Amino acid sequence: MTKFASNPIQRTIAIAAGGTAGHINTGIAIAQQYRNEVPTASIVFVTEPGQLPEHILQRENWQSVNLPSAPWMRTGLKGKFRAVWSILKGFVLAKRLLKSLQPDVVIGCGGYSSVALILAAYSMRITCVLHEANAIPGRANRLLARFSKRIYLGWPEAQEQLEQNTVVTGIPLRLEFLNFVPQCNTLKQSRNLLIVGGSLGSSFLNRHGPDLAAHLTRQGVKLRVKHQTGQLENQAIQRAYLALGIDAEITEFIDDITAAYYEADFVICCAGAITLAELAATGVPCLIVPLKEASDDHQTANVAAYFEALKQRISQHALTNPVSLHWTSEQHWQAEPLAQQIADLLRDTSARMEHIKLIHEIHRPDAAKNLVTDCEQLLNRA
């Protein structure tokens, strides 16, 4: 692997990331790759105040600074005034921070907290680039696109709304996913079901996950459940599993998500862009349920892009019955037939192996490297 450090340089990089694990983990994946390419790089995360980003970044010893942030969407007039005030206040603080840091580049990974930093950097003629993970670009990135020299995309479908200066790199994943070896354990007596609602949780999966697990047990599947809820209804969900007699571990957030994927025989999840990229990296059979409340219904667009990529592979391999590939909307959820399909798959080792091989082909292990390489080319031309 070619390292930019072979031609010694020093880089200072500011990474702006919103308050979800998806935003933060994309930033970490880029930071890890930059450190791999430029070991002396100084990297600072700029994010919004909150328990989750602080927990993730402090756990891994990344330097971070908070800027004020407030959501714009789904707020009344008072909330919109608060969002504008947060941007103005954040802009002033961001300029002070940038004068101190003197970064070579500011990388925005989405979320409202990135707005003030990118605008401040642009006003100071600092190179700005963005990464957009979703098939429908987020509103913050749509606003900031005109101020950025490059927009890196997770899906080609996003180019329809971000037409200029775009490069499809795929979605950067943390290093542990690049070393993930998909597996299909046929010797276990019980099956591990992983339910993941995203870092903020899915109230739909929290309500309906226990019932689906119960239908699976009625299909004769001996089951253990790991259910990530977000900060939602934990005790009620624990009681639901206990009442159904199902062995379940309930957790707000999963620190070691790669280990959870290693243990899982099947995953039920939302359609966050990072989750879909993780599924491609791990190959675990899955049922995807886009979050109905997601802004601009971007999770439905994500899953459509995901399955379009899979259809291309299915066509290339002339597969006629890829039974292990499933998604459903919340509106069309039917627990009993879904449980039957999942149970059939868990009993069919050849179908599971086919899934692992097929889905792993849409994994983009070079996403972070391609982003960093292009970013360095931009900086070297500046």
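Any read-out appearing in this document is the output of simple, stated calculations on the displayed coordinates, not a laboratory observation. Bear in mind the structure is a predicted one, so any value in this text is a computation, not a measurement. Using ideal geometry, Cβ is built from the backbone for each residue, glycine included, and neighbour counts are taken over all protein chains shown.
See the values below:
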| item | result |
| --- | --- |
| Label-point separation, Y262 to Q340 (7 Å along Cα→Cβ), nm | 3.7 nm |
| Cross-link pairs K78/K226; K78/K99; K99/K149; K89/K149 - those with Cα-Cα distance over 30 Å | K78/K226; K78/K99 |
| Positive minus negative residues near I136 (Lys, Arg vs Asp, Glu; Cβ under 13 Å) | -3 |
| For region 178-360, fraction of C-alpha pairs farther apart than 25 Å, in % | 28 percent |
| Rounded tilt (10° steps) of 203-218 against the dominant C-alpha axis of the chain | 30 degrees |
| Semi-axis lengths, Å, the chain, gyration tensor of Cα atoms, sqrt of 5 times eigenvalues | 37, 23, 19 |
| Neighbourhood charge, 15 Å Cβ-Cβ cut-off, centred on E157 and excluding it, Lys, Arg +1 and Asp, Glu -1 | -3 |
| Principal axis dimensions, largest first and in whole angstrom, of region 160-268 by Cα | 54, 34, 25 |
| Contour minus Cα-Cα distance for D348 and T217 (0.36 nm per residue) | 45.5 nm |
| Computed [θ] at 222 nm, helices only, for the chain once each DSSP H run of length n ≥ 4 contributes -39500 (n - 2.57) | -14500 deg cm²/dmol |
| Principal-axis tilt of helix 335-347 within the chain, Cα atoms, nearest 10 degrees | 90 degrees |
| At R0 = 51 Å, FRET efficiency that the Cβ-Cβ distance of E176 and K80 yields, to 0.05 | 0.80 |
| Cleavage-rule hits, GluC sites (Glu not before Pro), region 97-202, DSSP coil, Cβ neighbours within 10 Å at most 13 | E163 |
| C-alpha long axis of helix 21-37 to longest principal axis of the chain, angle in ° | 60 degrees |
